[in-house]
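Below is one structure; the comments refer to it alone.
Here, each number is a calculation from the coordinates, and none is a lab measurement. Keep in mind that this is a model prediction, so the values were computed, not measured. Here Cβ is always computed from backbone atoms with ideal geometry, including for glycine, and neighbour counts include all displayed protein chains.
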Amino acid sequence: MDWEQIESIGDEHIPGSADTPLRDDAFEMDDNTKIEQIAAHFKEIMHIMGLDLNDDSLKGTPHRVAKMYIKEIFSGLNPANKPDVKLFENKYQYKEMLVEKDIELYSNCEHHFVPIIGKAHVAYVPNGKVVGLSKLNRIVQYYAKRPQVQERLNIQIANELKQLLETEDVAVVIEATHLCVSSRGIKDTSSSTVTASYHGVFQQEAKKNEFLNYTK
Ligand SMILES: [Zn+2]
């Protein structure tokens, strides 16, 4: 692939595979070593841009950025940080859809490393098991804390819920603003991107509409 093609994949945000492209040795290095090394490289980037790293306000930035990458905004790359989700018996025999809407979503575009900010709405129809509501938020946040493309984020959340809840009856809708579109490039400040994945009963028009009605 030539650079022009590679550039346009990034600018058009064309998604690749559903799995985050990670190397096999992605977690052989421990977090502290990663932070140290990223800090050193980030310092170099700032230096190249001509910033004075002796300035009191800038001095701590390389370490701060590195720590934020590993411990916060990209912590979802590491499976060790995956939320531990306990399932409960569906005691009430609740058989309707459960919708968790307006889940705050902060991610970062993998093509520009700038924020994607939005909301996720997730729904499932309980099979035998249910989860604590806050766990749905945690699953969304775990996958959001990776360099992402919105389509992949959507698919990863849906796949995780299907597997975890042992049901196909899962729906995920994400509505988000991409800062790489609003603050740079074409500088469109009003557009947002909506992605959706509907599985099982949510592929039926009536169920899909019921879900979408709740999310309004
Ligand atoms: Zn981008």
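Brief remarks on what is shown
- Cα Rg, Dmax, region 87-215, angstrom units: 15.2, 52
- Scanning the chain for GluC sites (Glu not before Pro) that sit in a DSSP loop and have at most 10 other Cβ atoms within 10 Å, the longest stretch containing none of them is 97-216.
- Neighbourhood charge, 12 Å Cβ-Cβ cut-off, centred on Glu100 and excluding it, Lys, Arg +1 and Asp, Glu -1: +2
- Each residue of region 47-61 is assigned a 3J(HN,Hα), and the resulting list reads 4, 4, 6, x, 6, 8, 6, 7, 5, 4, 6, 8, 3, x, 4 Hz, derived from the Karplus form 6.51 cos²θ - 1.76 cosθ + 1.60 (θ = phi - 60°), x at Gly and Pro.
- Counting neighbouring beta carbons within 10 Å and listing from fewest to most, the residues Arg152, Arg184 come out as Arg184, Arg152.
- Volume per residue of the C-alpha convex hull in the chain, rounded to whole Å³: 162 Å³
- Highest-MSF residue in the chain out of Ile116, Ile186, Ile70 [GNM, Cα springs under 10 Å]: Ile186
- Among Phe202, Phe88, sorting on how many other beta-carbon atoms sit within 10 Å of each Cβ, with the fewest leading, yields Phe88, Phe202.
- Charge dipole magnitude, Cβ of K and R +1, D and E -1 - the chain, Cα centre, debye nearest 20: 860 debye
- Net charge of the neighbourhood of Val181, taken over other residues with C-beta under 13 Å away and scored Lys/Arg +1, Asp/Glu -1, is -1.
- For region 146-157, the Karplus equation 6.51 cos²θ - 1.76 cosθ + 1.60, evaluated at θ = phi - 60°, returns couplings of 9, x, 9, 10, 4, 4, 5, 4, 4, 5, 5, 5 Hz by residue, with Gly and Pro reported as x.
- A cut-off of 5 Å between modelled amide H atoms, ignoring neighbours fewer than 5 places along the same chain, links Lys145 with Gly76.
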